[in-house]
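Student: Take this structure, written in structure tokens, and hold onto it; I'll ask about it next.
The values are calculated or read from the model by the stated rules, or taken from the named source; none is laboratory data. Remember, predicted model here, so these are calculated numbers, not experimental data. With ideal geometry, Cβ positions are generated from the backbone for all residues, glycine too; neighbour counts draw on all protein chains shown. These accessible areas exclude ligands, DNA and RNA; they are computed on the full protein's heavy atoms, side chains included. Shrake-Rupley method; radii C 1.70, N 1.55, O 1.52, S 1.80 Å.
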Amino acid sequence: MLLAQRNLGAAQRSHSRAAAPMVARVSRRNLRCEARKVALLGAAGGIGQPLSLLLKMNKFVTELALYDIVGVAGVAADLSHCNTPVKVTAHTGPEELAGCLSGADLVVIPAGVPRKPGMTRDDLFNTNAGIVQGLVQAAGKNCPQAVLEIITNPVNSTVPIAAETLKALGVYDPKKLIGVTSLDIVRANTFVAEARGLDMKDVDVPVIGGHAGATILPLLSQTTPPVTFTEAEKKAMTEKIQNAGTVVVEAKAGKGSATLSMAYAAARMAESTLLGLNGEPNIYECAFVQSDVVAGVPFFASKVLLGPHGVAKVVGLGELDAFESAALQDMLPQLKTEIQKGLDFAKKVSA
């Protein structure tokens, strides 16, 4: 609950420039908790392990089904000793994937290889594209009504792959496919709060575009509470947010990427999704989804309203300042190319 609370508290204090209309939310103390099964695919990995712990602590999760090709039994055994009521099950290898997915309300996919020093998210494509395609295909067959949240990079390409894979199965629902970009928002909130001496729980910075390099565009002009930056400060802060993942990869010196912060951000997104599924009103997050917010760009990250069926509404961009408008135009060619790369891969696989 605490993860989503931070985002909601800031969002509801949003000033007039923000795109998402906010109204007072009802108390969650009386919210009825539905039984929810969450499947985590890639649970033994660097993101999967801390994310599984955070999901084990979530009151909206009834059953946590963990899947990986190796090592997942140990993770499940370890988690089962935590005294929360969430039931944990382990599923190892392709022959147990269907059992993991059957009956799931939410499927979270961090499976894949991480970035290493010198690699871009695009470098991950050849390996991770196939992994995502296979897992999404299994989800489409075994839990077609579930909300799917894609963490595996490059998100700008893997989400289009997931969409085309589900279309081929005849079960695609754009409301139920979400590319997780929450880490960009978490970073933006942290960096802006530190730069302006604000309480982190009060800061909300919308981040639009995509989830790689220059396609990550924080809307500093729409920050809650309002803040001001010089043109030089805007550029520096934007680049800091865009390059934050590379900083972590380099700091870990070949031993991993942003696993802990990504797990935190993914748990926040999962919690917000579960709140929406349970009928909590006014749950807003930024996410990479099918969108018509920007003409000619079929997938785009912006604020979305989460509801009982997944994405209830894709919110517009609001009023951008001159810096943000220019940055948006500059990044669109890269974003379109990365989306098309995913679409082309999916069509080639299905051909």
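Student: Which of the residues belonging to the stretch 333-342 are buried (at least 17 other Cβ atoms within 10 Å of the Cβ) and of a type outside the set (Gly, Ala, Ser)?
Tutor: Gln334, Leu335, Lys336, Glu338, Ile339, Lys341
Student: Let me ask another. Give the stretch 54-72 a look and list any residue that's open to solvent by 60 Å² or more (accessible area, probe 1.4 Å) and free of Cβ contacts under 8 Å to residues at least 40 places away in the same chain, or say none.
Tutor: Met57, Thr62, Ile69, Val70
Table: residues versus (1) at positive phi; (2) charged (D, E, K, R); (3) in contact (Cβ under 8 Å) with a residue 60 or more places away in the chain.
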{"residue": "Ser80", "(1), (2), (3)": "no, no, no"}
{"residue": "Pro85", "(1), (2), (3)": "no, no, no"}
{"residue": "Gly93", "(1), (2), (3)": "yes, no, no"}
{"residue": "Val159", "(1), (2), (3)": "no, no, yes"}
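Student: From the list Lys201, Lys255, Lys240, Lys234, pick out the single residue that is open to solvent by 40 Å² or more (accessible area, probe 1.4 Å), touching a residue at least 60 places away in the same chain (Cβ under 8 Å) and outside any strand (DSSP E or B).
Tutor: Lys201
Student: So, one more: Looking at the stretch 40-94 only, could you name the residues that are touching a strand residue (DSSP E or B) at 6+ places or on another chain (Cβ under 8 Å) and either modelled with pLDDT under 95 or part of a helix (DSSP H, G or I) (or both)?
Tutor: Residues satisfying the conditions are Gly48, Leu51, Ser52, Leu55, Lys56, Val72, Ala73, Val75, Ala76, Ala77, Leu79.
Student: Out of (1) among the small types (Gly, Ala, Ser); (2) in contact with a strand residue (DSSP E or B) (Cβ under 9 Å, 6 or more places away or on another chain); (3) more than 29 Å from Phe229 (Cα to Cα); (4) outside any helix (DSSP H, G or I), the odd one out for Gly342 is which?
Tutor: (4)
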